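**Q** My questions will all concern the structure given below.
The values are calculated or read from the model by the stated rules, or taken from the named source; none is laboratory data. Note that the structure is predicted; figures quoted are calculated from it, not measured. All Cβ positions, glycine included, derive from the backbone under ideal geometry; neighbour counts span all protein chains shown. Quick note on the areas: whole protein, heavy atoms, side chains included, nothing else; ligands and nucleic acids left out. Shrake-Rupley method; radii C 1.70, N 1.55, O 1.52, S 1.80 Å.
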Amino acid sequence: MVTIKHSRPGVVLAASLAALFLLVVLGCSWIDVTTYYQQGAVATGAPIATDLAIEVLKKGGNAFDAAVATGFVLAVVHPSAGNIGGGGFAVIRNGADGRVRTLDFRETAPLAAVETMYLNDDGEVIDSLSLYGARACGVPGTVAGLHALWQEYGSMKWEELVKIAANVADTGFIVDDFLAASLTEYHRELTLYEETADIFVPNGQKSVAGDRFLQLDLARTLYAIAAEGPDGFYSGEVAEKIVATMQKYNGLITAEDLASYLPVWREPTHITFDGYDIYSMPLPSSGGVIVAQILKLLEPYDFARLFPESVDYIHLFCEASRLAFADRSEHLGDPAFYAAPSTLLDAGYLDARRKLIDPQHATPSTRVKPGSPPIRESEQTTHYSICDDDGNMVAITYTLNTGYGSSLVVGGAGFLLNNEMDDFSIKPGVPNVFGLIGGEANKIEPGKRMLSSMSPTLVLKDDKPRMILGTPGGSKIITVVAQTLLNSIRFDMSAEALCAQPRFHHQWLPDMLYLEEGQFDINIIQGLIRYGHSVKERKPYSDLQVIELDENGMMTATSDPRNRGKASGY
Ligand code: GLY
């Protein structure tokens, strides 16, 4: 049976005939349950957010309007990652002129931040200081970012879009099993500060599935943002509350930090791969360049001889990833503070790096160093994908960093602040929460953006939209996005298979190949060990949100089956 949902009878008829043909030809041995959409599609990590985004599209809003509304709604219904107290990145395509751009609304280090702010007098890292509480917070960028996106491309009234989320916070929503489980898992973090406990564990009682969850302080904050735009957040009462919370808990963010925050439009990282144009996030996210390095390192290999879950493919992917992540540790940081080599994607450089890959032996990470690209003279994050039938495409990944960020809610304003400062290299060689290390390029400096792995990505072919994707997962974002692109382009998987596909991860250091537990045959694991990999199984990860478009613009949307996300369209 083929499920088709769209409005053109001709297409329905054609699709039905095609389905009938397939059923006859294949003797009913293969069943396609793909749902195609024609006018708009949305994939997010929370069903309420998906449904409300579809409503915006149906009301005549474009993909950008829906993306702005979704950003705020996720802050209400997906509080572990959806946010107004964090930051993120958007990669967008404007259907009107076909231009692909990216928007950087990453948090910045407060102006009072110093390189050694997480070290004690002996130069040792103070446990958890970059992860919990006011000291862990970067200056939030989400509200300014969503506003910049709306200002440039939105078609509906800002107030109307933000009020959608404010109303959900005000009237509440029904807690589902996913949120209830998350509140249980993060009980310790959510009771560290009274401002946070008051909302998530009021009177010591956390919400359970079926409860109505009200967030009245957050609603007030969102109504202020709806009425005043970014001023409703970066100045006035909400800003005063942020500063008061900082002062109470010894944080660094000041009124000046908030008033001076600015998002930045940037050109995307772009590569071509098998005739597809792949656009992703440039620095200060490492996502685009590292995904691109992995793909380009693997491009010359003969995939006709490889299978997605084979020892040889997993090995090659991990060796490419090992090389790329080594470069990440050395060369990447906020471009306003550190000049990354402009040659990290040069063919000659990557050819030389590729020669380091042994097709049948893992190279120990101690023997793999960051490359020296030629100097040219001169759980926790969330992603959503949206498109419409005007060729507008939006991929947004935004975050508080780890689940529920710093665990600190702004007193009286009802929203969580990020712990994004941990994404800086807080001491050279000391891993962050994702095990990533860094040095000079990503050291803490006032006003600097911390290096990210977020990789919202668009794929086009012959200038036509073909795919929108992204996922949470810290450093694993990069390998999930790279694997998904290869699974689609080289292994021709359907969107559903892309989301369900077992994942593996290698990031140079630690020198460990992670496999999703229970997903890989013992023979594959033994084969990888024989090739010299240290292998560890880990719990399932990622929350991939994919929209694919065929050459006629028909859309399919899929949400990662590992979580409760929802994909829909019309
Ligand atoms: N906070 C995770 C990242 O930006 O990579």
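**Q** What do you reckon, is D389 under 24 Å from R538 (Cα atoms) and either open to solvent by 30 Å² or more (accessible area, probe 1.4 Å) or not β-branched (V, I, T) (or both)? Please lay out each step first, then the result.
**A** Working: under 24 Å from R538 (Cα atoms): no; either open to solvent by 30 Å² or more (accessible area, probe 1.4 Å) or not β-branched (V, I, T) (or both): yes.
Taking the combined requirement at face value, the residue does not satisfy it.
**Q** Let me ask something else about it. Return the only residue of G60, G82, G71 being of a type outside the set (V, I, T) and on the phi > 0 side of the Ramachandran plot.
**A** Values: G82 fails: on the phi > 0 side of the Ramachandran plot; G71 fails: on the phi > 0 side of the Ramachandran plot.
Unique residue meeting the criteria: G60.
**Q** I've got another one for you. Could you figure out which of (1) closer than 21 Å to A413 by Cα; (2) open to solvent by less than 10 Å² (accessible area, probe 1.4 Å); (3) not in a helix (DSSP H, G or I) isn't true of S80?
**A** (2)
**Q** Among the residues that make up the stretch 558-570, is at least one of them among the basic types (K, R), under 23 Å from F307 (Cβ atoms) and open to solvent by 20 Å² or more (accessible area, probe 1.4 Å)?
**A** Filtering the stretch 558-570 down to residues among the basic types (K, R) leaves 562, 564, 566.
Filter again for under 23 Å from F307 (Cβ atoms), leaving 562.
With open to solvent by 20 Å² or more (accessible area, probe 1.4 Å) added as a condition, the list becomes 562.
Yes, the stretch 558-570 contains a residue that is among the basic types (K, R), under 23 Å from F307 (Cβ atoms) and open to solvent by 20 Å² or more (accessible area, probe 1.4 Å).
**Q** Could you look through the stretch 86-117, keep only residues that are more than 26 Å from the chain's Cα centre (by Cα) and not aliphatic (A, V, I, L, M), and pick out the one that is nearest to the ligand (Cβ to nearest atom)?
**A** Looking at residues that are more than 26 Å from the chain's Cα centre (by Cα) and not aliphatic (A, V, I, L, M), I get E115.
**Q** Could I ask something else about it? If you go through the stretch 370-381 one residue at a time, do you hit one that is in contact with a Gly (Cβ under 6 Å, 6 or more places away or on another chain) and polar (S, T, N, Q)?
**A** Of all residues in the stretch 370-381, those in contact with a Gly (Cβ under 6 Å, 6 or more places away or on another chain) come to 379-380.
Subsequent filtering for residues that are polar (S, T, N, Q) retains 380.
Checked the stretch 370-381: at least one residue is in contact with a Gly (Cβ under 6 Å, 6 or more places away or on another chain) and polar (S, T, N, Q).
**Q** I've got another one for you. Just one of the numbered conditions (1) open to solvent by less than 50 Å² (accessible area, probe 1.4 Å); (2) part of a loop (DSSP other than H, G, I, E, B); (3) modelled with pLDDT of 95 or more is not true of Y398; which one?
**A** (2)
**Q** Answer yes or no as to whether V243 is assigned to a loop (DSSP other than H, G, I, E, B), of a type outside the set (G, A, S) and surrounded by fewer than 21 Cβ atoms within 10 Å (Cβ to Cβ). Talk me through it step by step, then tell me what you get.
**A** Values: assigned to a loop (DSSP other than H, G, I, E, B): no; of a type outside the set (G, A, S): yes; surrounded by fewer than 21 Cβ atoms within 10 Å (Cβ to Cβ): yes.
Considered against the rule, which asks whether it is assigned to a loop (DSSP other than H, G, I, E, B), of a type outside the set (G, A, S) and surrounded by fewer than 21 Cβ atoms within 10 Å (Cβ to Cβ), V243 comes out as no.
**Q** Yes or no: the stretch 359-373 includes at least one residue that is open to solvent by less than 70 Å² (accessible area, probe 1.4 Å), more than 16 Å from the ligand (Cβ to nearest atom) and not in a loop (DSSP other than H, G, I, E, B). Steps first, please.
**A** Of all residues in the stretch 359-373, those open to solvent by less than 70 Å² (accessible area, probe 1.4 Å) come to 362-365, 368, 370-371, 373.
Narrowing the set further to residues that are more than 16 Å from the ligand (Cβ to nearest atom) leaves 362-365, 368, 370-371, 373.
Imposing the further condition that a residue be not in a loop (DSSP other than H, G, I, E, B) reduces the set to 365.
Yes, that holds for at least one residue.
**Q** Report, ordered by the first and then the second residue, all pairs with beta carbons closer than 8 Å, sequence separation of six or more or different chains, a first member in the stretch 183-205 that is more than 18 Å from M246 (Cβ to Cβ) and of a type in the set (V, I, T), and a second member that is outside any helix (DSSP H, G or I) and open to solvent by less than 20 Å² (accessible area, probe 1.4 Å).
**A** Every condition considered, the pairs that remain are T191/V201; I199/Q215; I199/V409; I199/G414.
**Q** I would also like to ask the following. So M512 passes all but one of these: (1) under 27 Å from G333 (Cβ atoms); (2) away from the ligand (no atom under 16 Å from the Cβ); (3) open to solvent by less than 10 Å² (accessible area, probe 1.4 Å). Which condition number does it fail?
**A** Result: M512 fails condition (3) only.
**Q** Sort through L350, L298, L316 and tell me the only one that's open to solvent by less than 20 Å² (accessible area, probe 1.4 Å) and in contact with a Lys or Arg (Cβ under 6 Å, 6 or more places away or on another chain).
**A** Details: L298 fails: in contact with a Lys or Arg (Cβ under 6 Å, 6 or more places away or on another chain); L316 fails: in contact with a Lys or Arg (Cβ under 6 Å, 6 or more places away or on another chain).
Exactly one residue qualifies, and that residue is L350.
**Q** Here is a further query. Taking the stated definitions as given, is P308 open to solvent by 20 Å² or more (accessible area, probe 1.4 Å), within 16 Å of the ligand (Cβ to nearest atom) and out of contact with any Pro (no Cβ under 7 Å at 6 or more places or on another chain)? Can you show your working first?
**A** Numbers: open to solvent by 20 Å² or more (accessible area, probe 1.4 Å): yes; within 16 Å of the ligand (Cβ to nearest atom): no; out of contact with any Pro (no Cβ under 7 Å at 6 or more places or on another chain): yes.
So P308 does not fit the description; no.
**Q** Right, something else. Go through E548, E537, E496 for me and flag whichever is more than 16 Å from the ligand (Cβ to nearest atom), open to solvent by less than 50 Å² (accessible area, probe 1.4 Å) and not in a loop (DSSP other than H, G, I, E, B). Walk me through it before giving the result.
**A** Values: E537 fails: open to solvent by less than 50 Å² (accessible area, probe 1.4 Å); E496 fails: open to solvent by less than 50 Å² (accessible area, probe 1.4 Å).
From the options E548, E537, E496, the qualifying one is E548.
**Q** Would you confirm whether any residue within the stretch 464-477 is more than 19 Å from G288 (Cβ to Cβ) and of a type outside the set (S, T, N, Q)? Steps first, please.
**A** Start the filter on the stretch 464-477 by keeping residues that are more than 19 Å from G288 (Cβ to Cβ), which leaves 464.
So of that shortlist, the ones also of a type outside the set (S, T, N, Q) come out as 464.
Yes: one or more hits.
**Q** Okay, moving on. With the condition kept exactly as written, say whether any residue in the stretch 419-440 is closer than 26 Å to A219 by Cβ and within 16 Å of the ligand (Cβ to nearest atom). Working first, answer last.
**A** Step one: filter the stretch 419-440 for residues closer than 26 Å to A219 by Cβ, giving 419-420.
Within this subset, residues satisfying the condition of being within 16 Å of the ligand (Cβ to nearest atom) are 419-420.
Checked the stretch 419-440: at least one residue is closer than 26 Å to A219 by Cβ and within 16 Å of the ligand (Cβ to nearest atom).
**Q** Could you pull out the residue among L214, L298 that is out of contact with any strand residue (DSSP E or B) (no Cβ under 7 Å at 6 or more places or on another chain) and closer than 24 Å to M454 by Cβ? Full working, then the answer.
**A** Working: L214 fails: closer than 24 Å to M454 by Cβ.
After applying the criteria, what remains is L298.
**Q** Here is a follow-up. Looking only at the stretch 445-487, count how many residues are away from the ligand (no atom under 15 Å from the Cβ) and either open to solvent by less than 20 Å² (accessible area, probe 1.4 Å) or in a strand (DSSP E or B) (or both). Please lay out each step first, then the result.
**A** Quick first cut of the stretch 445-487, residues away from the ligand (no atom under 15 Å from the Cβ) only: 445-447, 458-469, 483-487.
Those still in the list that are either open to solvent by less than 20 Å² (accessible area, probe 1.4 Å) or in a strand (DSSP E or B) (or both) too: 458-461, 464-469, 483-487.
Qualifying residue count for the region: 15.
**Q** Here is a further query. Could you go through the stretch 406-413 and let me know if any residue there is open to solvent by 10 Å² or more (accessible area, probe 1.4 Å), more than 10 Å from the ligand (Cβ to nearest atom), within 27 Å of V201 (Cβ to Cβ) and not in a loop (DSSP other than H, G, I, E, B). Walk me through how you get there before you give the answer.
**A** From the stretch 406-413, those open to solvent by 10 Å² or more (accessible area, probe 1.4 Å) are 411-412; that's our starting set.
Filter once more, keeping what is more than 10 Å from the ligand (Cβ to nearest atom): 411-412.
Then keep just the ones that are within 27 Å of V201 (Cβ to Cβ); that gives 411-412.
When the remaining residues are screened for being not in a loop (DSSP other than H, G, I, E, B), the result is none.
No, every residue in the stretch 406-413 fails to be open to solvent by 10 Å² or more (accessible area, probe 1.4 Å), more than 10 Å from the ligand (Cβ to nearest atom), within 27 Å of V201 (Cβ to Cβ) and not in a loop (DSSP other than H, G, I, E, B).
**Q** I'd like the full set of residues that are in a loop (DSSP other than H, G, I, E, B), within 23 Å of P47 (Cα to Cα) and not small (G, A, S), limited to the stretch 148-200.
**A** Matches in the stretch 148-200: M156, V175, D176, Y186.
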